[in-house]
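Following: one structure in structure tokens, then a few remarks.
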Amino acid sequence: MKQFVSVIIPVFNDPERIQICLAALEKQTYPRNYYEVIVVDNGSDESLENLVKQFPQARLAYCLEPGSYAARNHGIFLAKGEILAFTDSDCVPAPDWLEKGVKWLSATVDCGLVAGKIEIFFQNSDRPNAVELYDSVSFFNQQQYVEEENYGATANVFAYKWVFERVGLFNAQLKSGGDKDWGQRVFAKGYTLTYAEEVRIAHPARYSFGQMYRKIARIRGVGYEQARATQPPLTYLLTTLSHLKPPVRATTQKLDRLSKAGKLKSSFLTTQVLLVIFAMHYLGFFAQVYRAR
């Protein structure tokens, strides 16, 4: 017998991309009477009501507490499904996303979560810019997240609702890294975390320097705040100062991956990517120093 699935999508001021996401969710191979889509508006400036009404599988909810993890928690509270599927407003699920996600979840003993593949795509697939290339090798490596860091990014995660009941909800106070915090709590309870290559969604690469900087600053900020709260002052200071060292190893790894994928088509583009890598490394550091003042 099919299990009912609740898809939960937080959204904030993203009407164009949530429309594409919802259109993809209307075309799922999973039976329509066995899933719902809960769009949780996290305080958008304009109403999404008329947009969401266009999609029969979807319903709109509101969460006034700021933060995507607070919005996801509200979606969990409203969900009718025994299975919860998480994605983001800028993601495009494959037609068999729900079908494959449920299959992997059901086939895994003591499954805490299934993390699916996140495929990065570019505005112009033949001519990605340096920021897009940097993004494509810096984030959303779900297999690495599961196998090395014990979590899955909520752009593509399936879990049973009972896991949340036993482990707890996302930490709504976190503005970034709440999926990592929750996944590691699931792992600590002894549940199995699985990476599933065939459970696919597509995610656009960040295109502009400003978009990329805002993401880096947010991630670094959360990391430094957690370190400051848990480490002795001297350890925290040394850890912070260690980020002043040039990111030689990470740079080599990123350029190697791009080169093997055939993405570095000129020395000029390679130089641009190199500059983006170093710029993001040091701007992230100085953004945190400014934030801590």
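The values are calculated or read from the model by the stated rules, or taken from the named source; none is laboratory data. In this text, all values refer to a predicted model and were calculated from it rather than measured experimentally. Virtual Cβ from ideal backbone geometry, glycine too; neighbours counted across all protein chains shown.
Against the conditions (1) of a type in the set (A, V, I, L, M, F, W, C); (2) without any contact (Cβ under 8 Å) to a residue 40 or more places away in the chain; (3) in contact with a Phe, Trp or Tyr (Cβ under 8 Å, 6 or more places away or on another chain), Phe4 satisfies every one except (2). For Lys245, the conditions (1) charged (D, E, K, R); (2) modelled with pLDDT of 80 or more; (3) exposed (fewer than 12 other Cβ atoms within 10 Å of the Cβ) are fulfilled apart from (2).
Restricting region 172-207 to residues that are assigned to a strand (DSSP E or B) and acidic (Asp, Glu) leaves a set whose member that is surrounded by the fewest Cβ atoms within 10 Å (Cβ to Cβ) is Glu197. Filtered by the rule that a residue be among the hydrophobic types (A, V, I, L, M, F, W, C) and at pLDDT below 95, region 154-181 gives Ala172, Leu174.
Taken over region 167-192, residues that are in contact (Cβ under 8 Å) with a residue 40 or more places away in the chain, among the basic types (Lys, Arg) and within 24 Å of Val5 (Cα to Cα) amount to 1.
Here's the yes/no breakdown for (1) within 19 Å of Ser6 (Cβ to Cβ); (2) surrounded by 16 or more Cβ atoms within 10 Å (Cβ to Cβ):
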| site | (1), (2) |
| --- | --- |
| Ile76 | yes, yes |
| Ala79 | yes, yes |
| Asn124 | no, no |
| Gln142 | no, yes |
| Asn150 | no, yes |
| Thr154 | yes, yes |
| Glu165 | yes, no |
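In this structure, Lys100 does satisfy being assigned to a helix (DSSP H, G or I), of a type in the set (D, E, K, R) and touching an Asp or Glu at 6+ places or on another chain (Cβ under 6 Å).
Determine which member of the set Leu60, Leu64 is touching a Gly at 6+ places or on another chain (Cβ under 9 Å) and not in a helix (DSSP H, G or I). Residue meeting the stated conditions: Leu64.
Take Gly210 and decide whether it is among the small types (Gly, Ala, Ser) and either assigned to a loop (DSSP other than H, G, I, E, B) or modelled with pLDDT under 90 (or both). Criteria met by Gly210. Could you say whether any residue in region 103-122 is free of Cβ contacts under 8 Å to residues at least 12 places away in the same chain, surrounded by fewer than 18 Cβ atoms within 10 Å (Cβ to Cβ) and within 22 Å of Gln3 (Cβ to Cβ)? There is at least one residue in region 103-122 that is free of Cβ contacts under 8 Å to residues at least 12 places away in the same chain, surrounded by fewer than 18 Cβ atoms within 10 Å (Cβ to Cβ) and within 22 Å of Gln3 (Cβ to Cβ). How many residues does region 258-287 contain that are surrounded by 18 or more Cβ atoms within 10 Å (Cβ to Cβ) and on the phi > 0 side of the Ramachandran plot? The qualifying residues number 0. Among the candidates Ser44, Ser6, the residue that is over 17 Å from the mean Cα position of the chain (by Cα), of a type in the set (S, T, N, Q) and assigned to a loop (DSSP other than H, G, I, E, B) is uniquely Ser44. Of the residues making up region 11-32, one or more are free of Cβ contacts under 8 Å to residues at least 60 places away in the same chain, assigned by TED's automatic domain parsing to the domain that holds Thr194, over 24 Å from Phe121 (Cβ atoms) and outside any helix (DSSP H, G or I).
Might you check whether a residue that is within 27 Å of Val167 (Cβ to Cβ) and surrounded by fewer than 22 Cβ atoms within 10 Å (Cβ to Cβ) occurs anywhere in region 33-40? Yes; the residues of region 33-40 include at least one that is within 27 Å of Val167 (Cβ to Cβ) and surrounded by fewer than 22 Cβ atoms within 10 Å (Cβ to Cβ). Please work out if Pro56 is closer than 17 Å to Ile20 by Cβ, in the same structural domain as Tyr35 (by TED's automatic domain parsing) and not β-branched (Val, Ile, Thr). Judged against the criteria, Pro56 is a match.
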